[in-house]
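Below: one structure, written as structure tokens.
What follows is calculated from the coordinates using simple rules that are stated; it is not laboratory data. This structure is a prediction, so every number in the text was calculated from the model and none was measured. Quick reminder, even Gly has a Cβ in these numbers, built from the backbone with ideal geometry, and neighbours come from all protein chains shown.
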Amino acid sequence: MAIARTTKIGNKTQLAKSLAISRSALYYQPKREAIDYQFKCQIKAVMAINPAYGHRRIAVQLKLNKKLVLRVMKKFNLKPFRRRAKYPFKPEDQNKPATRFVNHIKMFCPLKPNVVWATDFTYIDFQGRFIYLATVIDIYTREIIGWHISRRHTQSLVIGALTHAFGRTKTSARYHHSDQGAEYDSNDYIQILESKGIIISMSAKSSPWENPFQESFYSQFKLELADTSRFETLGELIVAIYGQIYYYNHNRIHTSLGTSPVKFREQYIKNLSNNLCGQSV
């Protein structure tokens, strides 16, 4: 009786020939696994410092294709921190009559810094009480240019942030945008803006989407500041808030800019200087 004999494949060339594939295909999966593991390590290193980064920001940070980063993150189940905070609203402003100021910056796209500053304040829970953070953002650079912290949300809180912005930038904006909160519609605050010739712009009542830059900043800021119960003292929390603002301004990649706000501003100034030098030659 004839016995069927199996042919022993001695090397990968013979194996590839028997399978009618190229020899390099036999190496594809092992190599891809190794490369993906390297990408995984790089991605995890970025996420360790920037836990809320999604695949787009990680791709910019690592100078990789965003589709590649997304694929590797899905493969290894790497997910950014996405806990969203809930914000109390200001009931005292609900029955307040509409202000005389309109929204001047709707569909507005500034082409340089210090054209439009937008401002707002938020509540931060600490040991069963609130502290308040007011910020001023330049909507061209997305940089937080002024901030102030207080135990109370009064006109002093928002004036403090505005004064800080004036001091840090050594200038003022053409437009100032805010909501219709009593703090921003106070006589003292309005007088400061009018004394500097700033055009006052305000969102419509109960329309937070008309101040999207501040809304977006606070949403991400609270996400990355995370659980404030880990701080034992108010001083520790304040240091963390300042550190988070520094991180946002100097290190955190803004997806619309492709870099951090400070680096974007510095590049704008550098390009402007180069253009002026070129014109003078």
How big is the convex hull of the Cα atoms of segment 91-271, per residue, in Å³? 118
Net charge within 10 Å of Phe39 by Cβ-Cβ distance, Lys/Arg positive one each and Asp/Glu negative one each, not counting Phe39 itself? +3
Quickly work out the Gln42-to-Cys109 label distance, labels modelled 7 Å from Cα along the C-beta direction, and quote it in nm with one decimal. 3.2
Take Asp138, Asp227 and order them by how many other Cβ atoms sit within 10 Å, fewest up front. Asp227, Asp138
For Thr119, net neighbour charge (Lys/Arg +1, Asp/Glu -1) across residues whose Cβ lies under 11 Å away: -4
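Give, in nm to one decimal, the length gained when the segment between Glu232 and Lys75 is fully stretched (0.36 nm per residue of separation minus the Cα-Cα distance).
Working: separation 157, 0.36 × 157 = 56.52 nm, distance 3.85 nm.
Length difference between fully extended and current span is 52.7 nm.
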Hand me the trypsin sites (Lys or Arg not before Pro) from segment 45-82 located in a DSSP loop with no more than 15 other Cβ atoms within 10 Å, in residue order please. Lys63, Arg82
Kindly state, to the nearest 0.05, the FRET efficiency for Ile35 paired with Asn274, given R0 = 41 Å and r defined as their beta-carbon distance. 0.55
Cα coordinate range in segment 153-256, projected on the principal axes (Å, largest first): 42, 29, 28
Net charge of neighbours whose Cβ lies under 13 Å from the Cβ of Asn103, counting Lys and Arg as +1 and Asp and Glu as -1: +1
